[in-house]
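The values are calculated or read from the model by the stated rules, or taken from the named source; none is laboratory data. Quick caveat: nothing in here was measured; it's all calculated off a predicted structure. We place every Cβ from the backbone using ideal geometry, glycine too, and count neighbours over all the protein chains shown. Calculation scope for accessible area: heavy atoms of the full protein, side chains included, ligands and nucleic acids excluded. Shrake-Rupley method; radii C 1.70, N 1.55, O 1.52, S 1.80 Å.
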Amino acid sequence: MIVLTSKQMREVEKIAIEKIGIPSIGLMENAGRETALEVKKILEEENLNSVIVISGKGNNGGDGYVVARNLHNWGVDVKVFLTTSLGAISGDAKVNLDAILNMGIYVAEITQREHLKFLEKTIKDSDVIVDAIYGIGLKGEISGITKEIIEMINQANKIVVSVDIPSGLNADTGKVEGCAVRATKTVTMQFLKPGLLVYPGADYAGEVRVAEIGIPYRLAAEVGYNYNLVTSEDVKLPKRHGNTHKGDYGKALIIAGSKNMTGAAYLCAKSAIKAGCGLVKLAVPQSVQSVIQGGLYEVITYGLEEQNGILSHNALSSVLELIEESDVIAIGPGLTHDRDISQLVYDIVKNTDKPVVLDADALNALVGRLEVIQGKKIILTPHYGEMSRLTGLEIDEIKNNLFEVAKTFIDRYKVTLVLKGAKTVIATKEGSIYINSTGNPGMATAGSGDVLTGMITAFLAQGFSEEKAAIYGVFYHGKAGDIAKEYVGEYGMTAMDILENIPEALKCGL
Ligand SMILES: NC(=O)C1=CN([C@@H]2O[C@H](COP(=O)(O)OP(=O)(O)OC[C@H]3O[C@@H](n4cnc5c(N)ncnc54)[C@H](O)[C@@H]3O)[C@@H](O)[C@H]2O)[C@@H](O)CC1
Ligand SMILES: Nc1ncnc2c1ncn2[C@@H]1O[C@H](COP(=O)(O)OP(=O)(O)O)[C@@H](O)[C@H]1O
Ligand SMILES: [K+]
């Protein structure tokens, strides 16, 4: 699903209005009416009837006047409060402000602190608040009286419908600019915005609905959009052809495990098989081979050179031989981290041009010498901690700038990046960003990432590009977690529960 940044949104609006000739006031009418219909639905469902619209001085505020006009026409008790003076309103917003004034709808200015008491009382007496203070025109932090108004909205414990984006949210990053409205529902115009889809923005946006306001969809391609929300529509699975055999679904080699982390290797290999890989080979330290083999009926295991239950650099030639007979490789889950492993991973990556998924300790192994991945067919799957080690950035810096961090990384290394988190972000070599829409907090459990690595590897083995394997792997991993949640809930969910629901998740894609 297409997602536009505020800059791209302005570009499509400009083309729609200036090149195509769609009247801007018509777009505002549609935006306001769509929001009003949403509010009406809520009022009817909850058997409520009074609304307060709080408008700012720009076009977001203009949408608010249209909401008020439509609700008034439908018999709703509606009042409008401005966070600015009436004289400051211009353009299409002014046209709509004049219309509601002419209709006799109540309009008040909240420009001084002494007005706040009255606003507070009106909010208290209203059932629903429409937030039309700022949209995509917000610049910098909110301060002063508007900040106090937003805090008042949040403390009121009312149903809040935000127009386009919750006021105070950065539409591009999801960052809170000083303060932001906590919406029950956000009606966003024509295209999703990135800030609504990642935290903290996603928390503030509540339920998001995209309203069609009359801007042609094709304009998104014209401005070269590069953000996408991955939904079930985007990850349809190809039907398998009858006349095929296991060789057609790929041979994967997984290099994983150590004496204290046999489970990681198990989870990863089993997940690859469950996600449809034709043949999975698992290379582990010799001394743990028999432990890991138990229960892994479908996987061929190899015990390689090791020291104290950890793979040693002497395993390199065996690994390279196994790679010769494989289509794709995954390295990392449960390897542990030491200097020998680090050199082993480095040399494996250096010596192959086949698609490789790098996870967990394989990422730690490459800290400080990432040049080796440059331009290769590589997918990295770091969580924020691993990303911090790879880039030297603080975890908070990564969390607050997911898109920027991901883009800077792929610009430099030209690989595929899966930046794992509550909202996983995938950045592709070509500079596109995909935001995942599945998954739940039950998946914040040890071994969940190993399952993901197995799934991405399986899609790669089945002939998907790195980009598609990453997108499909992340989506269906989340989907398997969502199905697991139906059975075991979030508290008790384990990586095995996710793994066991991979087949059910994949059935949804056919
Ligand atoms: N242009 C169009 O074609 C359409 C725009 N629409 C609406 O218009 C919105 C964008 O409108 P605008 O561009 O007027 O912008 P906004 O209405 O989002 O707000 C911008 C106004 O707030 C002020 N402002 C920005 N940051 C501030 C800060 N930190 N502190 C104090 N004041 C600040 C600006 O000076 C400007 O006057 C969209 O989000 C959408 O709701 C819709 O009506 C649909 C059509
Ligand atoms: N709150 C959450 N909501 C959705 N997905 C989550 C959440 N927390 C974790 N996940 C997913 O679970 C996986 C955890 O991976 P990782 O941190 O590598 O775990 P481990 O190293 O224990 O295997 C990632 O794919 C992540 O996106
Ligand atoms: K808003």
Next item on the list: Please tell me if GLU490 is open to solvent by 50 Å² or more (accessible area, probe 1.4 Å) and more than 13 Å from ligand 2 (Cβ to nearest atom).
Entry: no
Next item on the list: Determine which member of the set ILE153, ILE129, ILE123 is open to solvent by less than 10 Å² (accessible area, probe 1.4 Å), in contact with a helix residue (DSSP H, G or I) (Cβ under 6 Å, 6 or more places away or on another chain) and away from ligand 1 (no atom under 13 Å from the Cβ).
Entry: ILE129
Next item on the list: Hey, can you tell me all the residues within the range 30-52 that are in contact with a strand residue (DSSP E or B) (Cβ under 8 Å, 6 or more places away or on another chain) and away from ligand 1 (no atom under 13 Å from the Cβ)?
Entry: GLU38, VAL39, ILE42, LEU43, GLU46, LEU48, ASN49, SER50, VAL51, ILE52
Next item on the list: Take the range 331-353 and flag every residue that is within 13 Å of LEU366 (Cα to Cα) and among the acidic types (Asp, Glu).
Entry: ASP338, ASP340, ASP347
Check: Got a number for residues in the range 443-464 being surrounded by fewer than 24 Cβ atoms within 10 Å (Cβ to Cβ) and either in contact with a Pro (Cβ under 7 Å, 6 or more places away or on another chain) or farther than 19 Å from LEU506 by Cβ (or both)?
Finding: 4
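Yes or no, residue by residue, for (1) of a type in the set (Gly, Ala, Ser); (2) in contact with a Lys or Arg (Cβ under 7 Å, 6 or more places away or on another chain); (3) within 16 Å of ligand 1 (Cβ to nearest atom):
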position: MET189; (1), (2), (3): no, no, yes
position: ASP203; (1), (2), (3): no, no, no
position: LEU219; (1), (2), (3): no, no, yes
position: GLU222; (1), (2), (3): no, no, yes
position: ASN243; (1), (2), (3): no, no, no
position: SER258; (1), (2), (3): yes, no, no
Notebook entry, point to check: Residues of the range 457-497 being among the hydrophobic types (A, V, I, L, M, F, W, C) and in contact (Cβ under 8 Å) with a residue 60 or more places away in the chain, which ones?
Noted result: ALA458, PHE459, LEU460, ALA461, ALA469, ALA470, ILE471, VAL474, PHE475, ALA495, MET496
Notebook entry, point to check: Which one of GLY104, GLY195, GLY135 is more than 16 Å from ligand 2 (Cβ to nearest atom), within 28 Å of ARG218 (Cβ to Cβ) and free of Cβ contacts under 8 Å to residues at least 60 places away in the same chain?
Noted result: GLY195
Item checked: All strands (runs of 3 or more DSSP E) inside the range 383-450 with 1 or more residues being farther than 21 Å from SER271 by Cα -> 425-427, 433-436
Next item on the list: Can you run down the residue pairs with Cβ atoms below 6 Å, 6 or more apart or on separate chains, where the first is in the range 414-432 and of a type in the set (Ser, Thr, Tyr) and the partner is in a loop (DSSP other than H, G, I, E, B)?
Entry: THR416/THR428; SER432/ASN226
Notebook entry, point to check: Restricting attention to the range 212-226, does a residue exist that is under 27 Å from GLY431 (Cβ atoms), within 16 Å of ligand 2 (Cβ to nearest atom) and not assigned by TED's automatic domain parsing to the domain that holds LYS399?
Noted result: no
Notebook entry, point to check: Yes or no: ILE498 aliphatic (A, V, I, L, M), within 22 Å of VAL357 (Cβ to Cβ) and open to solvent by less than 50 Å² (accessible area, probe 1.4 Å)?
Noted result: yes
